[in-house]
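Encoded as structure tokens, the structure appears first; notes follow it.
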């Protein structure tokens, strides 16, 4: 059986384990590596200590450091500011302008299109 070529690493910042699992399955099936952060603080720890992801998917409403604060952190760091970021939320009306927003429940094809475009080498 042929092995999928890895397209890049995607960081999913999501506190719901079921959504984490569904997104991981979808994204890895499409050839990406996936890292999971259950909240904004875990995402910041990952971003400070690991290989830079090619894209980040952020839920807005999480315990602790919420999505909005994480977005501000990403944009304030010169090393991270160029990473394509999309918001995946059940409350898309809370999303700040300037980000691609995917409403839960997700339409999978546009999400994969975003990742494939953002992670293209």
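Every read-out reported here was derived from the displayed coordinates using simple, explicitly stated rules and does not represent laboratory data. Please read all numbers here as calculations on a predicted model, not as lab measurements. Using ideal geometry, Cβ is built from the backbone for each residue, glycine included, and neighbour counts are taken over all protein chains shown.
Taking the longest Cα principal axis of the chain as reference, the axis of helix 17-29 is set at about 40 degrees.
If I take R0 = 25 Å and measure r between the Cβ atoms of residue 93 and residue 6 in this structure, what FRET efficiency does the formula 1/(1 + (r/R0)^6) give, to the nearest 0.05?
E between residue 93 and residue 6, to the nearest 0.05, is 0.10.
Between residue 18 and residue 51, the C-beta separation translates, for a Förster distance of 22 Å, into a calculated FRET efficiency of about 0.25. The angle between the Cα long axis of helix 108-118 and the longest principal axis of the Cα atoms of the chain comes to about 90 degrees, rounded to the nearest 10.
By per-residue mean of other Cβ atoms within 10 Å, what is the highest-first order of 89-101, 32-44, 65-77? Walk me through the intermediate numbers first.
On the way: 89-101: 13.6, 32-44: 19.5, 65-77: 17.2.
With the highest mean Cβ count within 10 Å placed first, the list reads 32-44, 65-77, 89-101.
One Cα centroid belongs to the stretch 1-50, the other to the stretch 76-121; the line between them spans 13 Å. For the chain, the longest principal axis of the C-alpha atoms and the axis of helix 40-49 are separated by about 60°.
Please state the relative contact order of the chain as a whole percent: Cα pairs under 8 Å, 6+ residues apart? Don't skip to the end; give the middle numbers.
Numbers: 181 pairs, mean separation 28.6, N = 121.
Once divided by the residue count of the chain, the mean separation gives 24 percent.
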